[in-house]
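Okay, structure first, notes after.
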Amino acid sequence: MSKFTQVASTGLTLSIAAGEEASRIGDGKVDVEHVFLALVISEGRAGRALRDLGITLDRARTAVTDMHRDQLASLGITAEIPSEGRIRFLEQGGRDWNERALKLLTEAGGPRKAGDTAAVLRETLSEPSGVVEDILARLGTTPEKVRARLDATTPAVANGGAGNDDGEPGAHGQRKRRLMGSHTLARALTVFVPAAPDDVWALVSDAMRIPEWDLGIGTITRDGSVWEGRARTIAHDGRRVKVKPALRRQTIERIAADARHHVEWLMSYPDAPRGNRRSIIVDIAPATGGSDVTVQFAWVKVSGPTGFRKLVAPLTRMLARPFVRFVVWTQALSLANGISRALR
Amino acid sequence: MESTRVAQAAADTTDPRAGLRAVASLRTLADALELRQVEAALRAGMSWQQIADALGVTRQAVHKKYAKKIDPSIEVPRRTS
């Protein structure tokens, strides 16, 4: 993975998670503590180092709440920062960033720095406000200990796509190539989900719960052995979403569901028989403090272009490849984030 | 909390770094409370202008800050004047 894509994917994944954590407490801007919480649940070296030290999302959230409560108490105020305890990120759209929080991400991508989650964690540990030091003390550790653990943590083992440190393809990468070989556009990526494998399984293997993690599907009804999904036409933030009439209805089939760790969904559009079908494969593996969830997302071609478009297809395909790869990656990321968000 | 105790604690300047961070927490608290109160006001049928008057800012300022942040299920009042 190039430095640019590393910085971009780290920035995107961390900023979504940090924004989600900030959205749990009202209006606050994304601040240093939210970047820290995002790191706790991040895939890659930073997250693994923190979780190996016994830092779970729940413990870290409690430490942040306690810190604010104690600081307010030092001013003679007995109050808790009000929190609804649920992520309102989708309803509220983008969030404002505090300058010092934004600096953590930009500095991590600077010269001679890797731009991965480990680099962001290093920036966070030496952040001058003392916020992270305070949080770590409440979690029974210090910046030095975290730094030492980070140095001892090896790069990721199996990563199939952008969004992770050191993008060496592992088992997932091989499966991706198999999918690509059958004329599909596919990306796979692994995210850490702070929930037990059984909880992840209960979410991703149940068709009726797909709308909880697939933003494009609003409602599901059972139709014999398959399910029928209806596209979401009103986004979470209340905006109307334009969906082509032919793509509003989808047939959802569960192709495979193995031993509580592997499920394959295939979504086709009955009103657009020539349209590509969507394949979503989710693999769940236990990890320290939660689960590693690998999402493979693919557009499965039903029929190729015809006529003149068939002649120019190879050229347009070549020109569009980087863009299409990025779009498919963001679609896979959206699904993976959806699974993580639904369980936080 | 009685104002005298707040004043005493806030006036404690022996550890300015801790004091400043505490003030940052206070700002976070104020922001979080403000959003909750704005949402409650809109749910109670108050207009953006009434909310702005109570907060001591302009209607444009409060609308710009909160229009996209409030719970989308809240029926937002249209300007009548």
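Structural remarks
- Selection of segment A:15-36 for residues being more than 14 Å from chain B (Cβ to nearest Cβ) and surrounded by fewer than 23 Cβ atoms within 10 Å (Cβ to Cβ) yields A:Ser15, A:Ile16.
- Counted as qualifying within segment A:115-187 are the helices (runs of 4 or more DSSP H) with 3 or more residues that are modelled with pLDDT under 55 and closer than 25 Å to A:Phe323 by Cβ, namely A:171-181.
- Residue in segment A:235-256 that is of a type in the set (A, V, I, L, M), under 22 Å from the mean Cα position of the chain (by Cα) and surrounded by 16 or more Cβ atoms within 10 Å (Cβ to Cβ) present: no
- Yes/no for A:Thr56 being at pLDDT 85 or above, farther than 27 Å from A:Leu150 by Cβ and hydroxyl-bearing (Ser, Thr, Tyr): no
- Residues (in contact (Cβ under 8 Å) with a residue 40 or more places away in the chain and within 14 Å of chain B (Cβ to nearest Cβ)) located in segment A:98-127: A:Asn98, A:Arg100, A:Ala101, A:Glu127
- A:Ile16 being over 21 Å from A:Ala287 (Cα atoms) and not in a helix (DSSP H, G or I): no
- Among residues of segment A:206-220, those that are touching a Phe, Trp or Tyr at 6+ places or on another chain (Cβ under 7 Å) and small (Gly, Ala, Ser), counted: 1
- Residue in segment A:65-97 that is farthest from the other protein chains (Cβ to nearest Cβ), counting only those that are in a helix (DSSP H, G or I) and over 17 Å from A:Arg138 (Cβ atoms): A:Phe89
- Criterion (more than 30 Å from A:Arg230 (Cβ to Cβ), among the basic types (Lys, Arg), modelled with pLDDT under 95 and surrounded by fewer than 20 Cβ atoms within 10 Å (Cβ to Cβ)) met by exactly one of A:Lys310, A:Lys301: A:Lys310
- Test: residue in segment A:76-87 that is farther than 20 Å from A:Glu20 by Cβ, out of contact with any Asp or Glu (no Cβ under 8 Å at 6 or more places or on another chain) and surrounded by 20 or more Cβ atoms within 10 Å (Cβ to Cβ): no
- The residue that is nearest to the other protein chains (Cβ to nearest Cβ), among those in segment A:220-241 that are outside any loop (DSSP other than H, G, I, E, B) and free of Cβ contacts under 8 Å to residues at least 12 places away in the same chain, is A:Arg240.
- Of residues in segment A:26-53 being in a helix (DSSP H, G or I) and touching an Asp or Glu at 6+ places or on another chain (Cβ under 7 Å), the one modelled with the lowest pLDDT: A:Arg45
The values are calculated or read from the model by the stated rules, or taken from the named source; none is laboratory data. Since the model is a prediction, treat every value here as computed from it, not as a measurement. Neighbour counts run over all protein chains shown; Cβ positions are idealised from the backbone, glycine included.
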